[in-house]
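Only one structure is covered here, and it is reproduced in the block below.
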Amino acid sequence: MIAKKKCSQKNCNNLSISFSNKCGEHINKKELLNKLNSKHKFNKILLSLVDLKGLQLAKKTFTGCEFQEIEFEEIVFESCSFIDIYSSNVNFRNCSFIKCIFKNCDLHNNEFENSSFSESMFVSTSFMECSLYEQTSFLKSDFTDGIFMGTHFHEVQANTEVKFNGTKFYQSVIDSCGFKNVVWTDCTLNGTSLHDTDFSESKWINIYHDFAIFGSPKLCIFLNSSFEGTEFTPFMKKWNLFKGKKENFYLKVVDMIAENKHPNFLSELTKALERLKELGFVINIYFANKIINIFRRQFEIAAQVADYRTIGRIITEYGCIPNEYKISGFALPAPQKVKTVAQYFETCLYVQLEFNEWTVKNIHKLYAYLNELSGVLPESNAPIVVSDILQGSMFQTFWGDFKQLFVTGRLLDIEKMEVEVENSLLDIELKKMELTKNQEKLKSEEVKNEINIKKSSLEIEDLELSILQKKLDILSTLQQKFDFNFSEYSKTMNGVRAINIVADLKNDFPVMSLKLKILEQKK
């Protein structure tokens, strides 16, 4: 058991490093480096809260040690042994492990970024909630009787004589990796997803998996791979064991999605197009139209039922496909607007939101707000839907009937809302107000006297208040026309809930401008 004591630094509650009376934050860095360089064997030591960079550690043996919250950067470990190690929240960045041995090690929340392992051995070592990514690679290395629990492999390269023997993978992800010429023997894959990974020329011997329950690998290539004592589902064989050129494999993926012979996983389509681009596949207008129609069809299906989350995912995936496969000027269709018999006005609300870029996370968050909001807005046969969202755009268009869009605009910010009414006397009134406002601003710029400027400023403020009041009057007129009382609604349980939802929405997505556009229709 490792002896632990507190750091001798005043008011510090950290544990001290084993061969010092201070913790990693207060130890003299030179003292620490001297210790690491002077000894070859380290037994039951605690090493924590340190950053080490640019070291060459050769023929070091660490036994029964504990590593916590350490940053290893550009460290070369050569012929080192790690035995009975407990490692928690340790990051390895740009590190190299050459002919190293890991035996009975327990690694928790460790990250390996752009690091390499060559001719190394892992025996009875567990990776718990770890991450291996950014071109981390394994070469001529063996994993025996190990466990990967909740571990994510992303862009990992495991090529040339890498072997997994008796290794168990639980709830892990192998994504966008190159596992070519790898031997898998007596391994278990439970709840583990294989996605967009090349397993070409690999051997699978006596493998247990639950792909039939959890779902088959997606976009994985098994060209020239052999399977002994391993039963894959028929669907997996049809989808993944495609024989031929890689280009033909990805074209087959596109065809199956286009023909609805495969579930609508648009992320798979996006990845397939990325891989075709990497292979230098040249498209024609027929192929580009096929891609557009896949997105258009799925968008229309989601729009008909106002499935905001799916709409957001479709838009995000369309924004991610290579530009070469997009048709210039193409825009996803606006959701269908359902009109009631008594609806004589067509309405839309343009909203400019302030945030840096579209991501899956903020797309889902925005649509979650709208989905929740639609449940408490006034009843309508034409509920709010959202369209015209392109990758990186800050503008949204909400479609629906006047009642819901009017309430949404009022909730977002009445002072930022411009009301535009076509084919109506109200349109002329709004233009007159805007002209007056601009004229007063010009006058104030021409006045040089400070007192007059202040006076003009006050007049402009009064004018702005007057304009705001006229806006309110116009909205009140429209409100009466549509037989809806916003004040009464805002006092109801749904109205209070709507106000709270919009307050959260505005906090996450600041509103820069609003325009409520009403097109008067003939009966």
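Can V156 be described as aliphatic (A, V, I, L, M), surrounded by 16 or more Cβ atoms within 10 Å (Cβ to Cβ) and under 15 Å from V182 (Cα atoms)?
When the stated conditions are applied, V156 passes them.
Do you know which of the residues in segment 1-52 that are free of Cβ contacts under 8 Å to residues at least 40 places away in the same chain and β-branched (V, I, T) is farthest from T63 (Cα to Cα)?
I27
Specify which of the listed residues (S124, S176, S141, S137) is at positive phi, at pLDDT 95 or above and touching a Ser or Thr at 6+ places or on another chain (Cβ under 8 Å).
The match here is S124.
Say whether the condition of being over 22 Å from S137 (Cα atoms) and touching a Phe, Trp or Tyr at 6+ places or on another chain (Cβ under 6 Å) is met by at least one residue in segment 44-63.
Yes, because at least one residue in segment 44-63 is over 22 Å from S137 (Cα atoms) and touching a Phe, Trp or Tyr at 6+ places or on another chain (Cβ under 6 Å).
Which one is surrounded by the most Cβ atoms within 10 Å (Cβ to Cβ), of the residues in segment 277-325 that are farther than 30 Å from L373 by Cβ and of a type in the set (G, A, S)?
Once the filter is applied, the top-ranked residue is A288.
Of S200, S193, which residue is polar (S, T, N, Q), within 20 Å of G229 (Cα to Cα) and not assigned by TED's automatic domain parsing to the domain that holds N94?
Among S200, S193, only S200 is polar (S, T, N, Q), within 20 Å of G229 (Cα to Cα) and not assigned by TED's automatic domain parsing to the domain that holds N94.
Does F127 satisfy the condition of being closer than 22 Å to L49 by Cα, of a type in the set (A, V, I, L, M, F, W, C) and within 25 Å of the chain's Cα centre (by Cα)?
yes
Name the single residue, out of those in segment 267-276 being charged (D, E, K, R) and farther than 13 Å from N248 by Cα, that is surrounded by the fewest Cβ atoms within 10 Å (Cβ to Cβ).
E274
Report those strands (runs of 3 or more DSSP E) wholly inside segment 7-68 carrying at least 3 residues which are modelled with pLDDT under 85 and closer than 26 Å to F97 by Cβ.
none
Looking at segment 264-281, is at least one residue more than 23 Å from the chain's Cα centre (by Cα), outside any helix (DSSP H, G or I) and within 16 Å of N323 (Cβ to Cβ)?
yes
All but one of (1) free of Cβ contacts under 8 Å to residues at least 40 places away in the same chain; (2) charged (D, E, K, R); (3) under 18 Å from S131 (Cβ atoms) hold for E161; state the number of the condition that does not hold.
Going through (1) free of Cβ contacts under 8 Å to residues at least 40 places away in the same chain; (2) charged (D, E, K, R); (3) under 18 Å from S131 (Cβ atoms) one by one, E161 breaks only (3).
Mind listing whichever residues of segment 105-124 are assigned to a strand (DSSP E or B), under 23 Å from the mean Cα position of the chain (by Cα) and without any contact (Cβ under 8 Å) to a residue 24 or more places away in the chain?
E111, E113
Can you tell me which of T316, T340, T310 is modelled with pLDDT under 80 and not in a helix (DSSP H, G or I)?
The conditions single out T340.
Kindly evaluate T197 against the criterion of being hydroxyl-bearing (S, T, Y) and modelled with pLDDT of 80 or more.
When the stated conditions are applied, T197 passes them.
Looking at D210, is it surrounded by fewer than 19 Cβ atoms within 10 Å (Cβ to Cβ) and in contact with a Gly (Cβ under 6 Å, 6 or more places away or on another chain)?
Against the criterion (surrounded by fewer than 19 Cβ atoms within 10 Å (Cβ to Cβ) and in contact with a Gly (Cβ under 6 Å, 6 or more places away or on another chain)), D210 does not qualify.
Among (1) assigned to a helix (DSSP H, G or I); (2) at pLDDT 95 or above, there is one condition F164 misses while meeting the rest; what is its number?
So F164 meets the others, but not (1).
The values are calculated or read from the model by the stated rules, or taken from the named source; none is laboratory data. Here the structure is a predicted model, which is why all the values come from computation and not from measurement. Using ideal geometry, Cβ is built from the backbone for each residue, glycine included, and neighbour counts are taken over all protein chains shown.
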